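Just below is one structure, and these are the notes that go with it.
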Amino acid sequence: MSKASETIDSFVNREYSYGFVTDVEQDSAPPGLNEDIIRFISKKKEEPDFMVDWRLRAYRYWRTLEVPTWAKVYFPPIDFQSIVYYSAPKQRGEGPQSLDDVDPKLLETYEKLGIPLKEQERLAGVAVDAVFDSVSVGTTFQDKLAEQGIIFCSISEALQNHPELVEKYIGTVVPYTDNFFASLNSAVFTDGSFCYIPKGVKCPMELSTYFRINAANTGQFERTLIVAEEGSSVSYLEGCTAPQRDENQLHAAVVELLALDDAQIKYSTVQNWYPGDEEGKGGIYNFVTKRGLCKGRNSKISWTQVETGSAITWKYPSCVLVGDNSVGEFYSVALTNKYQQADTGTKMTHIGKNTRSTVVSKGISAGHGQNSYRGLVKFNKNADNARNFSQCDSLLIGDQSGAHTFPYIEGRNPTTSVEHEATTSKIGEDQIFYCNQRGISTQDAVNMIVNGYCKEVFQQLPMEFAVEAQKLLGVSLEGSVG
Amino acid sequence: MSEITQEQVTQQSDPYLSRFEALEKEGERGGPSWVFPIRKAGISRFAELGFPTIKHEDWRFTNIRPITELPFLPVLEPSRETISEAALNRFAFAGLEAHRLVFVDGFLAPDLCQIESLPEGAIVGSLAEQLKKESKEVKDHFAGQINGEENAFTALNTAFFQDGAFIYLPKGTVMEKPIHLLFISTGSERGMTTHPRNLIIAEPHSELKLVESYAGLNDIPYLTNAVTESVIADEAHVEHCKLQNEPGEAFHMASLYSHQGRSSRFHFHPIAMGAHISRNTIRTTLDGEGLECVLNGLYLTYGKQLADNYMTVDHAKPHGESHEYFNGVMDEKSHGVFHGRILVRPHSQKTDAKQTNKNILLSGNAVVNAKPQLEIYADDVKCTHGATCGQLSDDAIFYLRARGLNYPTARRMLTHAFAGEIVERIRMDTVREELDRLVWDRLEQMPRLAQTAE
């Protein structure tokens, strides 16, 4: 027992390995939010006029809203006037034309994080868009993708080069009136990725965005928009880290996915923002709106997320299944340790006929972590023969942690079927004993059991990510068994 | 923003507050003096809360506007209308071999009651009487579980209640025959509101079988707002069945608060069939080790009915076991709501909690909302919940059709079996048999089930 708790301690005390700060000159807006700041951001990014108008509309709407309080997360009120809404590494001269022009310090940062942008070019496999604080610092493989007509760039670049596409699609899935944080994001978003897959194209490689918060007191507001035209398919990865600081920083992103007839989008996230220290001081508030719209017939959107970081995670990647026979999937592993809180889950809205959705959520709470699954499965009147299967399991490690489940089921059609199951358990002493007896240390046994528990979700991740996620979970769990 | 809401709350609760002031002046009706501060706390709690709206998380799916729009006419004196003993036969459980208390418009009707040879020390009678006697049991337990209660209807009941049942079983008493509490609303006026208030105390090692049923004489919009508090001491066993069969225009709001001691057993079977809008709130506190709590409910709705089931099971001590089974069948434009919350407090290790909610929609216009929730703060527990919503299994229907039954018959059989799952769990034989028949008849009234063509 004492040995086991020692291991737990060492796990709990394990340090965040991405907590360094990169020393680059920053070009920032003054803290605070008003219409001038929004105009400043828009001007800085040389955006077309429609964008400024849209941002201002969003801002005016946002001012009428109040911070929502329904989630099972607790945090002191956020002072939105003390946040810096724009912060970018200072550009030398004209700004980077290719990766060779990017500040070597930034490339170094990404190398430290295990995302060597340059090497990636040679290794061929994943195209990366790297976002540093408010701006994208480089996107790899653009040329190769362009040959097939795929547009993959930062959203600022897209606003310059393809304003008609952005205008057509932005806000169609998550309108700026959607919720408090989505409105705020619409008003002040600074960058993010844009991805357009033309008709009938299967994207030949994984696309990925790597988000990094660096500057202090800034909020990160990025906006990702992925459009998959008829018959196309794409797999997209997202990763994130932030330096170790005592203050909480806000990250309020919006991700919109749009799948037309027969299109498929797979969106995977490994979220590892700084979670705060042992006393729960510092860490990122990760308040994100993610939604996918299966607009076309036979379309499919699949979300996979591994949430190990952030002081507070508050997000519900959702699918709106409008097209007949469309499919929505959600696979999630959410780990809370120390004083982390997570209120996460999904919404599956069935509108079209024969739509199907699957929800698999695995929550793990250790230390003082509080982990909630909150999900909605809704069948509209015309969703004939729609099906849903939901399973949310919770694993509790240590008696100070909490695991909660808040599913909502709304049925309005007699031909649909929904099945929801949830279980809560802990790692059994007998399971550990079984492993110990066979010469496996308690820590390894816990890792094995937890990895087995999460297997269903990890299987959904692209290979490189699956390996990373397994390691991350191992690290995050070290020493948590008693 | 908040100012406006406060104003709205005040406006809305005004008639209720002024009615209370009038009651205050009447003195006598407020009951004995020690009860008055409790009433007062109730009305101020109500003034604070106001009626819930659908913006309130716990009332998201149940819009009680039709109730708040009614005139508020609390019944504060016994009805002049008399019901003959023969007339009782039209109500459910009339033929049941039981001790019977009959309440007309919330007041005990002694002529209709039937209490024979109770075990020594046991009390079965009117709560108002007991409040006057100021016995220790009543003083200890009355309104003991409603502190901090969020439900405005409970607060309203505390302010305006007149009478209800009081049941007391001394240590080691076994009640062989069930006790039947029959609540009849005359429904003589639109907006008439009764506030039955029951207190049930089962001392250690006692055993109680209880049937509670609600019905009405006239089909007009009236409100029954009932509150029951039960105190189940160590090793006591209570089986409690509640049948809500109010007329189709009536409203029914009922709350049950139960507190269980070590190794006690509590089985509660709420069956909702009637009323336009009904809500059954259950809050059980499992405050002892090795106890068992079973909540086993059924709701059958058609027309424009709404049946809401709201419960919180609070595991406050280790080694507790709780099971919730709720089945619902909805037809036409009716609406079923299930909200179950299992709370496992820190240190309530080895808790075993299971929750199941199953729903069948017979019509394309029926709606179901389910919120089965778990809130767990202890690590060594077994908690599961499951919810399903949809139609009867195609395989099961095919199986029956392959054996020569036509589709409507197969569907009827399976729907009856679905409701039967709940009825079967009732252990009181005579009660189960009667309910089985009632549930059968009720299902047969469902327009979709009655259809004989495919």
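The values are calculated or read from the model by the stated rules, or taken from the named source; none is laboratory data. Nothing here was measured: the structure is a model prediction, and the numbers come from that model. Cβ atoms come from the backbone with ideal geometry, glycine included; neighbour counts cover every protein chain shown.
Within segment B:343-352, the only residue that satisfies the criterion of being facing chain A (nearest Cβ under 9 Å) and surrounded by 20 or more Cβ atoms within 10 Å (Cβ to Cβ) is B:V344.
Among the conditions (1) over 30 Å from A:A342 (Cα atoms); (2) more than 9 Å from chain A (Cβ to nearest Cβ); (3) touching a Gly at 6+ places or on another chain (Cβ under 9 Å), the only one that B:G390 does not satisfy is (2).
Each row is one residue, and each column tells you yes or no for (1) within 19 Å of the chain's Cα centre (by Cα); (2) surrounded by fewer than 21 Cβ atoms within 10 Å (Cβ to Cβ); (3) of a type in the set (F, W, Y); (4) within 16 Å of B:I200 (Cβ to Cβ).
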{"site": "B:G95", "(1), (2), (3), (4)": "no, yes, no, no"}
{"site": "B:V104", "(1), (2), (3), (4)": "yes, no, no, no"}
{"site": "B:F107", "(1), (2), (3), (4)": "yes, yes, yes, no"}
{"site": "B:C113", "(1), (2), (3), (4)": "no, yes, no, no"}
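Here B:L374 meets each of (1) within 11 Å of chain A (Cβ to nearest Cβ); (2) surrounded by fewer than 17 Cβ atoms within 10 Å (Cβ to Cβ); (3) farther than 22 Å from A:T415 by Cβ with one exception, condition (2).
Residues considered: B:Y399, B:Y407. Of these, the only one that is more than 30 Å from the chain's Cα centre (by Cα), modelled with pLDDT under 90, farther than 22 Å from A:Y408 by Cα and more than 8 Å from chain A (Cβ to nearest Cβ) is B:Y407. Residues of segment B:382-425 that are under 25 Å from A:A383 (Cα atoms) and either exposed (fewer than 13 other Cβ atoms within 10 Å of the Cβ) or among the charged types (D, E, K, R) (or both): B:S393, B:D394, B:D395, B:F398, B:R411, B:R412. Being without any contact (Cβ under 8 Å) to a residue 40 or more places away in the chain and in a loop (DSSP other than H, G, I, E, B) is a condition met by no residue of segment B:252-261. Looking at segment B:304-321, which of the residues that are in a strand (DSSP E or B) and either more than 18 Å from the chain's Cα centre (by Cα) or aliphatic (A, V, I, L, M) (or both) is nearest to B:S255 (Cα to Cα)? So, considering only residues that are in a strand (DSSP E or B) and either more than 18 Å from the chain's Cα centre (by Cα) or aliphatic (A, V, I, L, M) (or both), the one nearest to B:S255 (Cα to Cα) is B:M311. When residues in segment B:104-140 are screened for being outside any helix (DSSP H, G or I), farther than 25 Å from B:H259 by Cα and in contact (Cβ under 8 Å) with a residue 12 or more places away in the chain, 9 of them pass.
For segment B:284-303, a residue qualifies if it is farther than 21 Å from B:R425 by Cβ and assigned to a strand (DSSP E or B), and exactly one does: B:T285. Note on segment A:256-266: among residues that are surrounded by 22 or more Cβ atoms within 10 Å (Cβ to Cβ) and either out of contact with any helix residue (DSSP H, G or I) (no Cβ under 8 Å at 6 or more places or on another chain) or β-branched (V, I, T) (or both), the one that is nearest to A:Y316 (Cα to Cα) is A:L257. Just for segment A:358-386: of the residues that are touching an Asp or Glu at 6+ places or on another chain (Cβ under 7 Å) and hydroxyl-bearing (S, T, Y), which one is nearest to the other protein chains (Cβ to nearest Cβ)? So, considering only residues that are touching an Asp or Glu at 6+ places or on another chain (Cβ under 7 Å) and hydroxyl-bearing (S, T, Y), the one nearest to the other protein chains (Cβ to nearest Cβ) is A:S372.
If I filter segment B:325-334 for residues that are part of a strand (DSSP E or B) and aliphatic (A, V, I, L, M), do I get at least one hit? There is at least one residue in segment B:325-334 that is part of a strand (DSSP E or B) and aliphatic (A, V, I, L, M).
Across segment B:42-64, the qualifying residues are those that are touching a helix residue (DSSP H, G or I) at 6+ places or on another chain (Cβ under 7 Å) and in a helix (DSSP H, G or I), and the one among them that is nearest to A:Y408 (Cα to Cα) is B:L49.
What do you reckon, is A:N286 in contact with a Phe, Trp or Tyr (Cβ under 7 Å, 6 or more places away or on another chain), in contact (Cβ under 8 Å) with a residue 24 or more places away in the chain and not small (G, A, S)?
Yes, satisfied.
Among the residues examined, B:H180 does not qualify as surrounded by fewer than 23 Cβ atoms within 10 Å (Cβ to Cβ), on the phi < 0 side of the Ramachandran plot and not hydroxyl-bearing (S, T, Y). The number of residues in segment A:387-431 that are closer than 19 Å to A:L321 by Cα, in contact with a Pro (Cβ under 9 Å, 6 or more places away or on another chain) and at the interface with chain B (Cβ under 7 Å from one of its Cβ atoms) comes to 3.
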